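These notes are about the structure you will find just below.
The values are calculated or read from the model by the stated rules, or taken from the named source; none is laboratory data. Owing to the predicted nature of the structure, the values given are computational and were not obtained by experimental measurement. Cβ coordinates were reconstructed from backbone atoms using ideal geometry, including for glycine residues, and neighbour counts include every protein chain displayed. Just the protein is used for accessible areas: all its heavy atoms, side chains included, with ligands, DNA and RNA removed. Shrake-Rupley method; radii C 1.70, N 1.55, O 1.52, S 1.80 Å.
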Amino acid sequence: MAARSKQTAFFDEPSSTGSLFAEVVFNLPLDQTFTYTIPENLREQVQPGVRVFVSFGTGRQTGYVVGLTDQTDPDIKLKPILEVPDSEPLLSASMLELTRWIADYYQAGWGEVIRAALPAGLEEEIPEVFHLAGQGAEALESGNAPKKEFLILDALSKKGKRTAKQLRKQLGAQFNSAALNNLRSRGDIVATLPNAKSSAQYKLQKTVLVKQDVLQEEIDRLLSRAKKQKELFALLQKKPITLAELSKVWPGYSPLLSQLKQKGLVETRQDKQERTWDASRARTESPTTAPPFTIEQEAAYQKLGKHLAKGKFACSLLEGVTGSGKTEIYMRCIEKGLERGKSAIVLVPEIALTPQTAYRFRSRFGNRVAILHSGLTNIERFLEWRRIRDGEVSIVVGARSAVFAPFTQLGVVIIDEEHDGSYKQDTSPRYHARDAAIVRARQDNALVVLGSATPSLETRSNAQQGKYTHLKLDKRIGKTLMPVVHLVDMRIERDKRKNFSILSRQLQRALGERLERGEQSFLFLNRRGTANYVLCKACGFVFDCPNCSVSLTFHGTTRKLLCHYCGFNLPQPMDCPDCKGEVIRFSGFGTQKLEDETRKRFPDARIARLDRDTARKRSTFEDMFDKMNAGEIDILIGTQMITKGHDFPNVTLVGVVYADLSLHVPDFRSSERSFQLLTQVAGRAGRGEIPGEVFVQAHQLEHPVYPFVARHNYKGFFAHEMEMRERLHFPPYSRLAVVEVEGEIERDTEVAVQQLAEVLHPHLEEHIQVEMLGPARAALYRLQDRYRWHLILRTDTHQPLQDILKALRADKAFQKLASGKIKFTIDVDPLNML
């Protein structure tokens, strides 16, 4: 358990008759717990895993109980727990253990991790409103209150009601939080909560009911000449009715209801009603039966089945080419787990969590499947979470946060596309869902299956060392062959063939052939917009984002220049702001320009585009999925959104328009990511009976990645890249942590990172296995108007890295640095080094 806070509460002497205390954490980046007394009337409710409302600082906060104790320092006066909103724990002992591990390993606050494990909308963070009580008014009038308390009482007397924030602003330096707590504890002031808005857990609804204290004679007199009012009143006399129900049976009720209220015959009250899951809204699919296994699938499944039968933790890498039937193996493992009374979690990258994924699992398992992803509203996420907790479903298919699904009998954990970077959270807590899932499965003695056609080098290395069972699927299902990959040198297209189009002649010809045969095509370009930078031909001025170290991208549909990092935008420029030149050049291209050019080349084709600009509605994926299956789209253009999670048998052609893009990223993983991305998008072609073709257009075909892509040669790429990583001493041959330093003032940020390096030096002398790289400016030096520096710590194994990071966080000098305006962020096992 984390060390108890040295900043404990102010009042409430512990009872001498067997006092109990709770260890509480908050959604804050703190490596400590806070001790509170448990009032006698709450002792049965307070358990590890419940939320509590407590006084923290100057206000009321939601905390999470992580432990109970009957011992504490008797010299320290503690605050009591105010309220327990939960009738049962939200987190099991196993989940508390998992969140503790994540907090320790990724150097995050335990409360931050717990908050991430719970569904959005569960919390109702509402500031308390303080007002003067009779006792406080007497103290104010007598003038006997201490000065700091008197100031608060006086402010409340003049203003009526104030929050702690408003009092602090009004009194400035004279505001004292201890005085506020003292007044509250004595009953001199009273704290109330304002009317809450509807939350994910509850909805607030108004109910109309008849007043019971009005005599019948008075009712007859008031309604004697109001026929419509009398009819409505008769309806309301039968039973209380909500306004929502009333609007259905009596449209236009509002004027009549107002008149009944004015006459004192009816009243309305606001009720808090728990939300329920509406099964009728779920998209139902026709049930499907399991197809027969291939020889490779059967062999892999038999090995996994043996692990399941033992009921012990096991982790297996299922390395299978695209279209080899990995999903069917997942579903058979889940079926076997369900037979044993176990539940299953299926993690899928957010970008691949399409309607097709949901369709597959619901077709096999029906309403036993819950779906969790960022496209759901807070209400929908909470309702799905509650169905899981209440045992109404046995399977969860979801993105990163689904690793926290509240199952009690977990038996199978599937991590599809385990190499995908979206499993690593890029805000605190910066956990990796794949690694957290493995830790959870070890706790619960569950089977883990890591699936990928292009496993991460770390996972493949673990399999090679025997840490994971290594299973392989080298062939596609049936007679389907891997697509033929053509590498197209765009320098030859431009210089020798004088083709200045985005599309090479080979790709144009292949698209035309598919249109004639009624087949479908994908065009992939991992960049949005129309032009990726805009410049003045006269002076060379480039339109950059004023807040970030990037150029603005021109979007033709909105006629605006847009920053894809902070959202800054400008209208389309008519002249140069520097030299006033009128000739503005729009250079480069994105998916919008690709769509425009493809429409010009193929005016009769039915073309659709899928990227972040077009997929703003939840229905976009479903519409695209339905249209692709119905053959209503001939050419689908998109970014990474079209590379995963799609299986359309009629797609026989994939064109990668600018394959060099991901190789230009200044990151040691750029080759690995490029190989994975190109292999995944190529795998969309030829998944039906018709063989597929892939055209990869590039300007740097001499790069070693391309021959491996052309031959679908993951084994060769793995060997080549591992040799490079070993020479450079990068993962998986080392472990990394990045300390990112960012601030609004450039000079202050640079000074802070140098001070951080000085703080680290004595710790590096104690941990000689750890080396420090930098500090250096981040590749994206300025982002959202903040300057960024990186300091990298590297070692051979993870334990020395953990030791030095814990020592750093406990260092008073670092704590002082981190308490100012400069932000310090620790990222363990970083994936994004920009």
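Exceeding 27 Å between C-alpha atoms, which entries from my cross-link table qualify? They are LYS336/LYS467; LYS496/LYS600; LYS326/LYS479.
Beyond 27 Å: nothing from the list.
Could you tell me how many degrees, from 0 to 90 and to the nearest 10, lie between the Cα long axis of helix 798-810 and the main elongation axis, the longest principal axis, of the Cα atoms of the chain?
Roughly 40 degrees between the two axes.
Of ALA145, PHE233, ILE633, which is farthest along the charge dipole of the chain in the positive direction, counting Lys and Arg as +1 and Asp and Glu as -1 at C-beta?
Projecting each Cα onto the dipole axis, the largest value belongs to PHE233.
With +1 on each Lys and Arg Cβ and -1 on each Asp and Glu Cβ, how big is the dipole of the chain about its Cα centre, in debye rounded to the nearest 20?
Dipole about the Cα centre, nearest 20: 2020 debye.
Cysteines without a disulfide-compatible partner in the chain, using Cβ under 4.7 Å as the rule?
Singleton cysteines: CYS315, CYS333, CYS566.
Quick one: of LYS79/LYS165; LYS158/LYS206; LYS306/LYS424, which pairs are farther than 22 Å apart, Cα to Cα?
LYS158/LYS206; LYS306/LYS424
Starting from the coordinates of the alpha-carbon atoms of the chain, obtain the Kirkwood hydrodynamic radius over all distinct pairs and give the value in Å to one decimal.
Hydrodynamic radius (Kirkwood, Cα pairs) of the chain is 31.1 Å.
So between LYS261 and LYS306, what do we pick up on full extension, going 0.36 nm a residue minus the alpha carbon distance?
Stretched out fully, the LYS261 to LYS306 stretch lengthens by 9.2 nm.
Using a/c under 1.5 as the rounded threshold, could you call region 531-580 rounded, prolate or oblate? The axes a ≥ b ≥ c are square roots of the C-alpha gyration tensor eigenvalues, and prolate needs a/b larger than b/c, oblate otherwise.
oblate
Would you mind computing, in nm to one decimal, how far apart the modelled labels at LYS580 and ALA244 are, each placed 7 Å from Cα along Cα→Cβ?
The answer from the label model is 6.2 nm.
At R0 = 30 Å, how high is the FRET efficiency between GLU702 and GLN465 if r is their beta carbon distance? Nearest 0.05 is fine.
Once the sixth-power term is evaluated, E becomes 0.35.
What fraction of the DSSP beta bridges in the chain is antiparallel, stated in percent and rounded to the nearest 5?
55 percent
How far is helix 746-766 tilted off the main Cα axis of the chain, in degrees rounded to 10, range 0 to 90?
90 degrees
Need the C-alpha centroid separation for region 339-414 versus region 608-651, integer Å.
Cα centres, region 339-414 to region 608-651: 23 Å.
For the pair GLU513 and ALA807, how long in nm is the line joining their label points, each one 7 Å along Cα→Cβ?
Going by the 7 Å Cα→Cβ label model, 6.4 nm.
What full-extension length gain, to one decimal in nm, is calculated for GLN166 and LYS147 as 0.36 nm per residue of separation minus the Cα-Cα distance?
5.0 nm
To the nearest 10 Å², what's ASP70's accessible area with a 1.4 Å probe?
110 Å²
Say R0 is 56 Å: what FRET efficiency, to the nearest 0.05, do ILE76 and ARG777 get from their beta-carbon distance?
Once the sixth-power term is evaluated, E becomes 0.75.
State the extension gain, in nm to one decimal, for the chain segment bounded by GLU622 and LYS496, taking 0.36 nm per residue of separation less the distance between their alpha-carbons.
Full-extension gain reported as 41.0 nm.
Once the Cα atoms of helix 591-601 and of the chain are each reduced to a long axis, what angle between those two axes, in degrees from 0 to 90 to the nearest 10, is obtained?
Taking Cα atoms only, the helix is inclined about 40 degrees.
Mind grabbing the accessible area of ILE38 for me, 1.4 Å probe, Å², rounded to tens?
Here the accessible area works out near 10 Å².
In debye to the nearest 20, how big a dipole does region 292-473 give about its Cα centre with +1 on each Lys and Arg Cβ and -1 on each Asp and Glu Cβ?
With Lys and Arg at +1 and Asp and Glu at -1, about 520 debye.
Mind giving me the nanometre distance, one decimal, between the label points for HIS798 and ARG601, set 7 Å out from Cα along Cα→Cβ?
4.6 nm
With every protein chain left in place and a probe of 1.4 Å, what is the accessible surface of GLU582, to the nearest 10 Å²?
Counting only protein heavy atoms, the figure is 150 Å².
What FRET efficiency comes out for the pair ASP104/VAL214, r = Cβ-Cβ distance, R0 = 41 Å, nearest 0.05?
0.05
Starting from region 686-744, pick out the trypsin sites (Lys or Arg not before Pro) whose DSSP state is loop and whose Cβ has at most 14 other Cβ atoms within 10 Å.
ARG711
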